[in-house]
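Comments concern the structure below.
The values are calculated or read from the model by the stated rules, or taken from the named source; none is laboratory data. Keep in mind that what you see is a predicted model, and the values were worked out from it rather than measured. Please note: Cβ atoms are built from the backbone with ideal geometry, for glycine as well, and neighbour counts cover all protein chains shown.
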Amino acid sequence: MLRFEDLRVRDQQTLDRDFFNRRFRLIAETITKLGAGLDSVNDATDNLVALGLVRVNEVLGPLLAKVQAASENGFLVARSSTPLTLAVGLETTLTIADTAERDLFTPTPYVLISRDADEAANDWAILRVQGYNRENGGLAFEVVALNGNIGATVHNDWVVSATTGVAPAIMEAAAQVTQLVETAESASTLAQQAAASAAQVLATGPVTSVNGKSGVVTIAMSDIAGLVAAIAAKADSNHGHSIAQISNLQTTLTALEGLAANPDGGSY
């Protein structure tokens, strides 16, 4: 390596051709060595860049592919073909097979599961997540709510959505609907009881209204229009009539007496 002492000029030193040539040679050799070292540095730099690109391709390439696949399929969404028949209270596990979905999927405490079928738009269920194994894609859960025909039979076209806000909202709405149904059922029961009580009152209790009267009704003759006058016009049950009050009775009796006193045709 070139040193300053190699180039120092001393007092009374002869400045001839050898003086300058020796120093120029040292400078030229040093520059040549620096060039060789720079080439080595450039080679090392190129190797480092190449190695870095390889590592980027090895590490970031698959990750970018997963991110791209997840962006195409939807973030926080995973699919499973595990055959299951869902029912409220069922505790089981389904498997997420796709590697990209398995690695990126992070379930929330409650997830929404539906079917990847056009005719099942209204079929869904809410699952309470019990555990998730990212290595094998196993999602353990308990079914807490069903809607539509999703639990009618075995299905294997599941779509799981990690929807933290949606699932509790659906559960709250379902609870409200359940409460309304229970209230309606209770009102229906009370109405049936009231109807039965009313029927019993009609069968055994006082009438509602008779001739304008309500409650326990007592009917007198005067309460029925025209009844007193009609009865007064009728004859008494025990009564007698004179001969003159019976039409033609006296004339008929007189004729009979005459026939008895002077009969035609002899005696009897």
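For a quick check of your reading of the model, give me the residue pairs whose first member lies in the range 143-158 and is more than 14 Å from Thr82 (Cβ to Cβ), whose second is β-branched (Val, Ile, Thr) and part of a loop (DSSP other than H, G, I, E, B), with beta-carbon atoms closer than 6 Å and at least 6 apart or on different chains.
As it stands, the answer is Leu146/Val88, since those pairs meet every condition given.
Condition check ((1) closer than 21 Å to Thr178 by Cα; (2) surrounded by fewer than 16 Cβ atoms within 10 Å (Cβ to Cβ); (3) of a type in the set (A, V, I, L, M); (4) out of contact with any Lys or Arg (no Cβ under 7 Å at 6 or more places or on another chain)) across all residues:
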residue	(1), (2), (3), (4)
Ala97	no, yes, yes, yes
Tyr110	yes, no, no, no
Ala121	no, yes, yes, yes
Gly131	no, yes, no, yes
Asp157	no, yes, no, no
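Looking at Leu48 and the list (1) of a type in the set (A, V, I, L, M, F, W, C); (2) at pLDDT 80 or above; (3) assigned to a loop (DSSP other than H, G, I, E, B), which single condition is not satisfied?
Every listed condition holds for Leu48 apart from (3).
Given the condition hydrophobic (A, V, I, L, M, F, W, C), buried (at least 16 other Cβ atoms within 10 Å of the Cβ), modelled with pLDDT under 90 and in contact with a Gly (Cβ under 9 Å, 6 or more places away or on another chain), answer yes or no: does some residue in the range 135-143 qualify?
no
Could you figure out which of (1) within 30 Å of Glu142 (Cα to Cα); (2) modelled with pLDDT of 75 or more; (3) not acidic (Asp, Glu) isn't true of Lys66?
In the conditions (1) within 30 Å of Glu142 (Cα to Cα); (2) modelled with pLDDT of 75 or more; (3) not acidic (Asp, Glu), Lys66 misses (2) alone.
Here are the criteria: (1) surrounded by 10 or more Cβ atoms within 10 Å (Cβ to Cβ); (2) modelled with pLDDT under 80. Tell me which single one Gly165 does not satisfy.
(1)
Across the range 1-30, what is the total count of residues that are assigned to a helix (DSSP H, G or I) and of a type outside the set (A, V, I, L, M, F, W, C)? Quick ask: steps written out before the conclusion?
Here is the first cut: in the range 1-30, the residues assigned to a helix (DSSP H, G or I) are 4-6, 17-30.
Filter once more, so that each one left must be of a type outside the set (A, V, I, L, M, F, W, C): 5-6, 17-18, 21-23, 25, 29-30.
Residues that pass the stated criteria total 10.
Give me the pairs, please: first residue somewhere in the range 20-40 and on the phi < 0 side of the Ramachandran plot, second residue anywhere and not hydrophobic (A, V, I, L, M, F, W, C), beta-carbon distance under 9 Å, and either six or more positions apart or on two chains.
Arg22/Asp6; Arg23/Asp6; Leu26/Arg3; Leu26/Asp6
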